[in-house]
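What follows is a short report on a single structure.
Nothing in this text is a laboratory measurement; each read-out follows from the coordinates by a stated rule. What you are looking at is a predicted structure, and each value in this text was computed from that prediction instead of being measured. Glycine also receives a Cβ, built like all others from the backbone with ideal geometry; neighbour counts cover every protein chain displayed.
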Amino acid sequence: MKWLRFIAVSCVVLGLIGCGGSSTSPSGTVSQQTAGKDSTPQAKEPSNQEKILGAWEPSGEKAPSGLTLEFLPDGKIRRTINENITEASYTVEGDKVTITARGPGGKEEKDTGTITKLTDTELVVKDDKDRQQTFKRKTGGSAAPTTATPGPGGGKPEK
């Protein structure tokens with residue numbers, strides 16, 4: 001009789017362990033352990049700081065032509081208007097983007113906008129006066145030409 005009880009209890013315990021997957025907490029919530037999940041970690045959603053990197057061009061009817069903004073990984077922003085290039089710095093905290101630049105006379109000027117939309121292809125920013133500007137991601141390389149500086153020997157191969 002003890003053997004039958006032992007076998008029955010073992011089958012129940014092994015059956016519960018084999019089924020596993022989810023358990024119910026005392027509060028009644030279900031926690032997923034292994035049910036239908038593979039062991040690969042979920043990809044983390046990129047932050048606005050990561051998604052904003054790259055070159056953007058204004059879009060829309062009133063968009064200035066020849067303007068490109070390029071958000072660089074080092075916290076710099078490069079503004080190109082036709083062939084005129086200026087740089088400033090930027091920070092992104094949550095949905096706020098702040099650009100800090102030197103104005104006339106070297107005075108520091110900050111401008112903060114709210115990111116209302118940021119996808120792989122579109123950036124929409126609203127300023128403190130509720131004016132909205134839409135940008136499209138620029139494809140095909142950097143916003144501004146880069147110049148390479150030659151290495152030792154003036155760029156000539158060493159012997």
Checked the range 70-90 for anything surrounded by 14 or more Cβ atoms within 10 Å (Cβ to Cβ) and touching a Ser or Thr at 6+ places or on another chain (Cβ under 8 Å); matches are 70, 77, 78, 79, 80, 88, 89, 90
Can you confirm whether the range 36-54 contains a residue that is assigned to a strand (DSSP E or B) and hydroxyl-bearing (Ser, Thr, Tyr)? no
Reported set for the range 92-103 where residues are surrounded by fewer than 14 Cβ atoms within 10 Å (Cβ to Cβ) and either in a strand (DSSP E or B) or touching a residue at least 60 places away in the same chain (Cβ under 8 Å) (or both) is 93, 96, 98, 102
